[in-house]
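Written out below as structure tokens is the structure these notes cover.
The values are calculated or read from the model by the stated rules, or taken from the named source; none is laboratory data. Note that the structure is predicted; figures quoted are calculated from it, not measured. Don't worry about glycine lacking a Cβ; one is built from the backbone with ideal geometry, like all the others, and counts go over all protein chains shown.
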């Protein structure tokens, strides 16, 4: 059925949609000063390589920092400087990345999705990058590929449509220690997870590791 | 991005005066003549209040047994909303057994270059969920986002550069809109949105800030 405008036709649609996306202009007034007071928009430093150990070090600097929906700026003082931000609100200006923004920075990715090169972002550079968890899961963008879960190693990722976490270490029982920006109530840290065994999660790898 | 001209009466008047003098505003070089699938572009069936630029209506199709977002992704199903616009196309749907809305996005007539996913929670507002993994020919990034129109809206209009893109509302489904006006550095887009009743009356006009997230 093709409709340029047919009110009668569309009115009978049974689209299952008992949800409400944000009405524009109705964003919460809540706002913190963390991003405004601490973060920057400096250009990234181009580099020629990425190593898994170096990437893990970058990730650990975000540990115990906060979580910010659509965010990507944190310091390294091991506390959430903007606790209890409203969730799923990109405009609160709080500390931390979300899961995909965290992955983007740790994997030294470029804003241009066709660029698989390495861009080193400062902790306080407020950047999220162009990928959602669903995009990472699909292997979207030149730097990212899907990979067999059985072959994933340190600093590869496990992604579902709504979340992504990086493998920090593999436990003897086959579970993984995942470093991830988990949520406002949890912040960013390392937890033992069973993502690898979940059918919702797929393996994702950044291309071009030196070691 | 320039705020909706509808919000700036003085600016609207100035534009109108220039248009009358030049008699050329409706033949802007950016005015599209066809949609991304090659379909000729049409004007909307009603006059849309507050829209001063050339308006182009996008196509919306409901359902289709053969719709697919690609291997490994849930099938859109009969309730899916397929849209074809000037720069991009999309399918928005709720997958069976999920409390989530999904979309696949394309920058060409066929094939998908992006996927979106957002949980649905009763009475909980979600974000527009900007997707930025698609590009037009030449590499210009193309953004996709969801707009949730008010119940009385029949059209969602996005002010594009040189024209207005008109999206007929389909039931209560969020409207997947497209924009090339993206800020790559901040992974965000600022959309000038207006919503209109079936007779073209403007119900609301606002700026929607959409960011890549989650």
* To do: Considering only residues that are in contact with a helix residue (DSSP H, G or I) (Cβ under 9 Å, 6 or more places away or on another chain) and part of a helix (DSSP H, G or I), look in region A:39-71 and name the one that is surrounded by the most Cβ atoms within 10 Å (Cβ to Cβ).
  => A:59
* Which numbered condition trips up residue A:114, out of (1) free of Cβ contacts under 8 Å to residues at least 40 places away in the same chain; (2) in a helix (DSSP H, G or I); (3) over 16 Å from the mean Cα position of the chain (by Cα)? -> (2)
* Asked: Going by the structure shown, is residue B:127 surrounded by 22 or more Cβ atoms within 10 Å (Cβ to Cβ) and out of contact with any strand residue (DSSP E or B) (no Cβ under 6 Å at 6 or more places or on another chain)?
  -> yes
* Subset of region B:180-194 [surrounded by 24 or more Cβ atoms within 10 Å (Cβ to Cβ) and more than 10 Å from chain A (Cβ to nearest Cβ)] -> B:189, B:194
* **Residues located in region A:94-111, provided they are closer than 19 Å to residue B:116 by Cα and either modelled with pLDDT under 95 or assigned to a loop (DSSP other than H, G, I, E, B) (or both)** => A:98, A:111
* Matching residues, region A:125-166, being out of contact with any helix residue (DSSP H, G or I) (no Cβ under 6 Å at 6 or more places or on another chain), more than 11 Å from every other protein chain (Cβ to nearest Cβ) and surrounded by fewer than 24 Cβ atoms within 10 Å (Cβ to Cβ) -> A:145, A:147, A:148, A:150, A:151, A:152, A:153, A:156
* To do: Determine which member of the set B:106, B:114 is closer than 24 Å to residue B:211 by Cβ, in contact with a helix residue (DSSP H, G or I) (Cβ under 7 Å, 6 or more places away or on another chain) and at pLDDT 80 or above.
  => B:114
* Specify the residue that is farthest from the other protein chains (Cβ to nearest Cβ); the eligible residues are those in region B:148-179 that are within 20 Å of residue B:91 (Cβ to Cβ) and part of a loop (DSSP other than H, G, I, E, B). => B:149
* **Filtered residue count, region B:134-182, keeping only those that are touching a strand residue (DSSP E or B) at 6+ places or on another chain (Cβ under 9 Å) and closer than 20 Å to residue B:81 by Cβ** => 31
* Unique residue being touching a residue at least 40 places away in the same chain (Cβ under 8 Å) and assigned to a loop (DSSP other than H, G, I, E, B) when the list is B:118, B:189, B:198, B:103 -> B:198
* Structure fact -> (1) in contact with a strand residue (DSSP E or B) (Cβ under 7 Å, 6 or more places away or on another chain); (2) within 7 Å of chain A (Cβ to nearest Cβ); (3) without any contact (Cβ under 8 Å) to a residue 60 or more places away in the chain all hold for residue B:212 apart from (3)
* Asked: In region B:36-48, how many are touching a residue at least 60 places away in the same chain (Cβ under 8 Å) and surrounded by fewer than 16 Cβ atoms within 10 Å (Cβ to Cβ)?
  -> 3
* Scan region B:140-154 and give yes if some residue there is without any contact (Cβ under 8 Å) to a residue 60 or more places away in the chain, over 27 Å from residue A:113 (Cα atoms) and under 12 Å from the mean Cα position of the chain (by Cα), otherwise no. => yes
* **Members of region A:72-93 found to be surrounded by 24 or more Cβ atoms within 10 Å (Cβ to Cβ), in a loop (DSSP other than H, G, I, E, B) and at pLDDT 95 or above, listed by number** => A:74
* Asked: Given the conditions (1) in contact (Cβ under 8 Å) with a residue 60 or more places away in the chain; (2) within 18 Å of residue A:183 (Cα to Cα), and given that residue A:120 satisfies all but one, which numbered condition is not satisfied?
  -> (2)
